[in-house]
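Colleague: Please read through the structure below; I'll follow up with questions.
The values are calculated or read from the model by the stated rules, or taken from the named source; none is laboratory data. If you're wondering where the values come from, they're calculated on a predicted model, not measured in any experiment. No Cβ is skipped: glycine too gets one built from the backbone with ideal geometry, and neighbour counts run over all protein chains shown. The protein model used for the area step is the full one, side chains on, heavy atoms only, and it has no ligands, DNA or RNA in it. Shrake-Rupley method; radii C 1.70, N 1.55, O 1.52, S 1.80 Å.
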Amino acid sequence: MENVLLEEEDDCPELVPIVQADQIPVTIITGYLGAGKTTLLNYILTEQHNKRIAVILNEFGEGSALEKSLAVSQAGELYEEWLELRNGCLCCSVKDNGLKAIENLMQKKGKFDYILLETTGLADPGAVASMFWVDAELGSDIYLDGIVTVIDAKYGMQHLTEAKPDGLINEAERQVALADLAIINKTDLVEEEVLNQLKEVVRSINGLVRIQETQKSRYFFFLFSIIN
């Protein structure tokens, strides 16, 4: 009997979720304040890439700056619940965790190629990601493709090594620890030695994370699966 139990325990189930062909990938975008997250989203939304992308912003983050810049690019149109762009993309702002906005998007706006969910600069992406696993109804329409964090090449070392009082976590370190892709932005502002040191710190926190260097947040990461 004991041998049978051991064999059953060793035979662990596969934990990788099965993605259906009609499901929409959702990517969580994190990044410390000033890292270039807003610039990245603005770049993705306004470029001509033949993709229908919906960006959902947290109202308490850097979203207001993005909303204003997009509104200006739309000939001064007033920003309302959803801001529709000429290239087929959408942008909206939410006060909650964004899941309700995704539900409304799927019901009212049809299918998109990608959904990007932006968090505030100090948000824990793990708490946001976990909500995709508990909402079974929403999970039939979308799947979590991965977590992207944007890092400021100039101040990233300072953010990642900042000592916190007992009981508090380093938010920037937490974001890197949970990321599938780390975009080190503003690489033109630092020497190669500083950049290499920063990459070593990032890899010491998360040895599996993919690292992409960029300037002015110009990177189309959504054209590829973040996880695979």
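Colleague: In terms of solvent-accessible area of protein heavy atoms at a 1.4 angstrom probe, what is the ranking of Thr38, Thr119, Thr46, highest value first?
Modeller: The ranking, largest first, comes out as Thr46, Thr38, Thr119.
Colleague: Can I ask one more? How do Ser204, Ser217, Ser130 rank by accessible surface area computed with a 1.4 Å probe, from largest to smallest?
Modeller: Accessible-area ranking of Ser204, Ser217, Ser130, largest first: Ser204, Ser130, Ser217.
Colleague: Set the bar at 27 Å for Cα to Cα. Now go through Lys100/Lys216; Lys51/Lys100; Lys37/Lys164; Lys37/Lys199; Lys51/Lys216; Lys37/Lys100 and name every pair that lies beyond it.
Modeller: From the list (Lys100/Lys216; Lys51/Lys100; Lys37/Lys164; Lys37/Lys199; Lys51/Lys216; Lys37/Lys100), the Cα-Cα distance tops 27 Å for Lys100/Lys216.
Colleague: Go through 143-154, 187-198 and give me the packing order, highest mean Cβ count within 10 Å leading.
Modeller: 143-154, 187-198
Colleague: Something else about it: Tell me the accessible surface of Lys164 in square angstrom (1.4 angstrom probe, heavy atoms of protein chains only), to the nearest ten.
Modeller: 60 Å²
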